[in-house]
Amino acid sequence: MESLKNTWKQLQSVQDPICITISMPTHRVFPDTDTDKINFKNLIKEAQEKLIDRYGKREVSDVLKSLNTLTEAYDERTQLDSVHLFASATTAELVKLPLTIQNNEVIINNAFDTHYIEDVYENKKEFFILLLSQRGARLFDALNNEILSEIENDDFPIGENPFTITDPTEASNAKRMDDTAKAYFNIVDKAVQRSSRITGLQVLVISTRRNFDYLIEVSKSPVIYLGNSLKDYNNKSTPDLAKQAWNHING
């Protein structure tokens, strides 16, 4: 798992002799996304032909494999405003950005063209959003008021609290209820800490105040948490979650 900043640094460090950068404007809603799918296929074909014409098929076989990997990873149903592909013999990276661009671009060089990522990163803040309840926890990578992606790895998403008490007699024991909640949020905190340590990102928590207090109480490093924005149970849209989190950060 990489943050956008770490992805940017990693792409800048690649030293393969043949690096191809593909950029394409995209749309967020149907039916324009269907047009994006066709445009994407045509752009990949153009890139493949340019590589073969310039270097020969044998010389660029590993780069073509990376392009095929990116073709399989592309999903027009989850778009922002542009998509950027970076392919070389050792690298295959697809980045979706909340950045409007005007034209398709195919650039072949001995380094990747990462200026669009740099443009997005100027005057913007990348952070995690933790959507937290005892029914589960989800983690999102956000940039200002935009969701870049949902984190899906060995840690996230996290399922329902396995320590939940169902026995009515036990459920009336306040200390027992607190202990089961803390045990669950300790698991969540450890998972969040791992993601924060890898990426260097801080975390805004959307939850009830009580659940946030539990999380902070059991946390090994509460300094990574930017604060708590109260969960709106009537609003489950991820774009709205990002706006809610960003508004909280900006006071």
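So here's what we get for this one:
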quantity	calculated
Helix-derived mean residue ellipticity, 222 nm - over the chain, DSSP H n ≥ 4, -39500 (n - 2.57), to 500	-13500 deg cm²/dmol
Debye intensity ratio in log₁₀ form over the Cα atoms of the chain, taken at each q of 0.14, 0.17 Å⁻¹	-0.96, -1.22
Beta bridge orientation in the range 126-249: antiparallel %, DSSP, nearest 5	60 percent
Alpha carbon convex hull of the range 4-121, volume per residue in cubic angstrom	89 Å³
Per residue, the convex hull volume that the Cα atoms of the range 126-249 enclose (Å³)	99 Å³
Those lysines that a straight Cα-Cα span of less than 21 Å connects to residue 182, excepting residues fewer than 8 apart in one chain	190, 220, 231
Efficiency of FRET from Cβ geometry, residue 163 and residue 6, R₀ 41 Å, rounded to 0.05	0.75
Ordering of 193-200, 137-144, 181-188 by packing [mean C-beta count within 10 Å, highest first]	137-144, 181-188, 193-200
21 Å Cα-Cα reach of residue 45 towards lysines, excluding residues that sit fewer than 8 places from it in its own chain	37, 57, 65, 96
Listed residue (48, 73, 121) projecting farthest to the positive dipole end of the chain, Cβ model	121
Amide H contacts of residue 82 (H built 1.01 Å from N, under 5 Å, at least 5 apart or other chain)	26, 97, 99
Neighbourhood charge, 12 Å Cβ-Cβ cut-off, centred on residue 243 and excluding it, Lys, Arg +1 and Asp, Glu -1	-3
Antiparallel bridges, percent of DSSP beta bridges restricted to the chain (to nearest 5)	75 percent
Net charge contributed by nearby residues that have their C-beta within less than 11 Å of residue 178 (K/R +1, D/E -1)	+1
Highest average packing first - 116-124, 47-55, 201-209, Cβ atoms within 10 Å	201-209, 47-55, 116-124
Label-zone membership for the range 51-81, site residue 29, 7 angstrom Cα→C-beta point, backbone N under 18 Å	76-81
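Bear in mind that the values in this text are calculations on the coordinates, not laboratory data. Being a predicted model, the structure only gives us computed values, none of them experimental. Here Cβ is always computed from backbone atoms with ideal geometry, including for glycine, and neighbour counts include all displayed protein chains.
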